[in-house]
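Enquirer: This structure is in structure tokens; I'll ask about it shortly.
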Amino acid sequence: MPLPPTSPRILIFCGALLLALGVAAGAFGAHGLRHLVVPELLETWRTAAQYQMLHGLGLLLLAVLWPQLAQSCARWAGRLMLVGVLIFSGSLYLLVLTGTRVLGAITPIGGMLMISAWALIAWAAWRGRPPAQ
């Protein structure tokens, strides 16, 4: 599978889409799932929506900071953050909807990808962008 391209425009698109879907997921959890799942699973859903929202904002922030960052690191950070939130939140949403507990085993992979993305953003800031010639 090829890696998704990453540019500020794509980060803004993906971040805004994650945020819109995160609001919808949060509303669905609060109103649609409240009477269908046990409180522990509802809390799992909330965690998924919360991390999705935070990392949607993270993608927007990365797009804003893009001119200040080392490009290759910023590009990889965007990819890792997007894939991480899809694995993390996606596995938790599926766990709640299907009851398949084994899905919880892949959730930490998404978490590690998101942590790696933030570390790469820090590294990209440290390295900075080379001065214009």
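The values are calculated or read from the model by the stated rules, or taken from the named source; none is laboratory data. In this text the structure is predicted, and so the values were computed from the model without any measurement. Every residue, glycine among them, receives a Cβ derived from its backbone with ideal geometry; neighbour counts consider all protein chains shown.
To keep it simple, each residue is scored yes or no on (1) touching a Ser or Thr at 6+ places or on another chain (Cβ under 6 Å); (2) free of Cβ contacts under 8 Å to residues at least 60 places away in the same chain; (3) in a loop (DSSP other than H, G, I, E, B); (4) among the hydroxyl-bearing types (S, T, Y).
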residue	(1), (2), (3), (4)
R79	yes, no, no, no
L82	no, no, no, no
V85	no, no, no, no
V96	yes, no, no, no
L103	yes, yes, no, no
I109	no, yes, no, no
A119	no, yes, no, no
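Enquirer: When residues of region 24-45 are filtered for being assigned to a helix (DSSP H, G or I), out of contact with any helix residue (DSSP H, G or I) (no Cβ under 6 Å at 6 or more places or on another chain) and either loosely packed, with under 14 Cβ neighbours inside 10 Å or aromatic (F, W, Y) (or both), how many remain?
Expert: 9
Enquirer: Return the total of residues in region 3-37 being free of Cβ contacts under 8 Å to residues at least 60 places away in the same chain, under 13 Å from A49 (Cβ atoms) and aliphatic (A, V, I, L, M).
Expert: Qualifying residue count, region 3-37: 7.
Enquirer: Now a separate question. Tell me, yes or no, whether region 45-59 has at least one residue that is in contact (Cβ under 8 Å) with a residue 60 or more places away in the chain and of a type in the set (D, E, K, R).
Expert: no
Enquirer: Out of A20, A48, which single residue is over 18 Å from G84 (Cβ atoms) and in a helix (DSSP H, G or I)?
Expert: Testing whether each residue is over 18 Å from G84 (Cβ atoms) and in a helix (DSSP H, G or I) leaves just A20.
Enquirer: A124 - would you say it is surrounded by 15 or more Cβ atoms within 10 Å (Cβ to Cβ) and over 17 Å from the mean Cα position of the chain (by Cα)? Before the answer, list the steps.
Expert: Numbers: surrounded by 15 or more Cβ atoms within 10 Å (Cβ to Cβ): yes; over 17 Å from the mean Cα position of the chain (by Cα): yes.
So A124 fits the description; yes.
Enquirer: Could you say whether any residue in region 61-71 is farther than 22 Å from R129 by Cα and assigned to a helix (DSSP H, G or I)?
Expert: No: zero hits.
Enquirer: Any chance you could count how many residues in region 61-87 are modelled with pLDDT of 95 or more and in contact with a Phe, Trp or Tyr (Cβ under 6 Å, 6 or more places away or on another chain)?
Expert: Residues meeting the conditions: 0.
Enquirer: So, in region 71-82, of the ones that are out of contact with any Pro (no Cβ under 8 Å at 6 or more places or on another chain) and surrounded by fewer than 24 Cβ atoms within 10 Å (Cβ to Cβ), which residue ends up nearest to E40 (Cα to Cα)?
Expert: Filtering first and then ranking leaves L80.
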